[in-house]
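Participant: Sharing a structure, written as structure tokens. Questions coming.
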Amino acid sequence: MLRLALILFAAIAALHAQEIPEGFRVQKLPMGGKALMPKDWHYEGGGLDNGFMYVFSKEEMTGEGYETGFRIQGFFKVSEAGFKPSEAAAQNLEKFKSNAKSVIKVCDEYDQGPFRVRCLEAIQPNPHNAADDYHVIYSFFWNDDADMVVVSMFGAPESTWPEAELIYKEMQGFVLFDPSKAKE
């Protein structure tokens, strides 16, 4: 548990020292994590059998999902599904890329602490409104030794993207775990 805590803490930008921008609040996450979110947004999240999922959305979440939002999903013991985390991340990036209407950017692989990271920014069909495409940014974090993958996804209708992108820039500095709360 301590090893996982140190990996997560080192990989994600520290929110602890960050000032809270006007119109935002800190949302506490399980495992001692924190994320900035607009004050009027909604949050749902928690543990899953093989990881966790946190969803932040502008709209109240219903059975039909949300239109503008940020999701952080982590998967542990990825190799039990028959893939190394690096392979799972690469396959998912390619899947999202092939389903896109257009690709804006694919970032080169880079190190962020003990994680490797790749990202994809794309335009996709909007499941809520066919007349307004969906702008989305995916970030894939993986560590083969820790046997885990974390995927963050931020999306909004293309017509609202300039405003949404400003929100994304504040939200992307999340912390998943507070290592001071880890137990041996």
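The values are calculated or read from the model by the stated rules, or taken from the named source; none is laboratory data. Computed from a prediction, not measured in an experiment: that's the story for all the values here. Calculation scope for accessible area: heavy atoms of the full protein, side chains included, ligands and nucleic acids excluded. Shrake-Rupley method; radii C 1.70, N 1.55, O 1.52, S 1.80 Å.
Participant: Of the candidates Lys77, Lys169, Lys39, which one comes out as most mobile in a Gaussian network treatment of the chain with C-alpha springs shorter than 10 Å?
Facilitator: Greatest mean-square fluctuation among the candidates belongs to Lys169.
Participant: Then there's this: Quick check: from the Cα gyration tensor, does the range 34-129 come out rounded (a/c under 1.5), prolate or oblate?
Facilitator: oblate
Participant: Counting heavy atoms of the protein chains only and a 1.4 Å probe, report the per residue accessible area for the range 64-184 as a whole number of Å².
Facilitator: About 50 Å² of surface per residue is accessible.
Participant: Rounded, prolate or oblate: which one fits the chain, using the alpha carbon gyration tensor with axes a ≥ b ≥ c (rounded when a/c is under 1.5, else prolate when a/b beats b/c, else oblate)?
Facilitator: In terms of gyration-tensor shape, oblate.
Participant: Give the relative contact order (percent, whole number) for the chain; include only Cα pairs under 8 Å separated by 6+ residues.
Facilitator: 29
Participant: For the chain, modelled as a Gaussian network with Cα springs under 10 Å, which listed residue fluctuates most, Arg25, Arg118, Arg71?
Facilitator: Arg25
Participant: Return the inverse of the average 1/r over all pairs of distinct C-alpha atoms in the range 46-88, which is the Kirkwood hydrodynamic radius, in Å to one decimal.
Facilitator: 12.1
Participant: Express the carbon and sulfur contribution to the solvent-accessible surface of the chain as a percent, rounded to the nearest whole number, probe 1.4 angstrom.
Facilitator: Within the chain, the accessible surface is 50 percent carbon and sulfur.
Participant: Helix-only mean residue ellipticity at 222 nm, the chain, DSSP H runs n ≥ 4 weighted -39,500 (n - 2.57), per residue, nearest 500. What is it?
Facilitator: -6000 deg cm²/dmol
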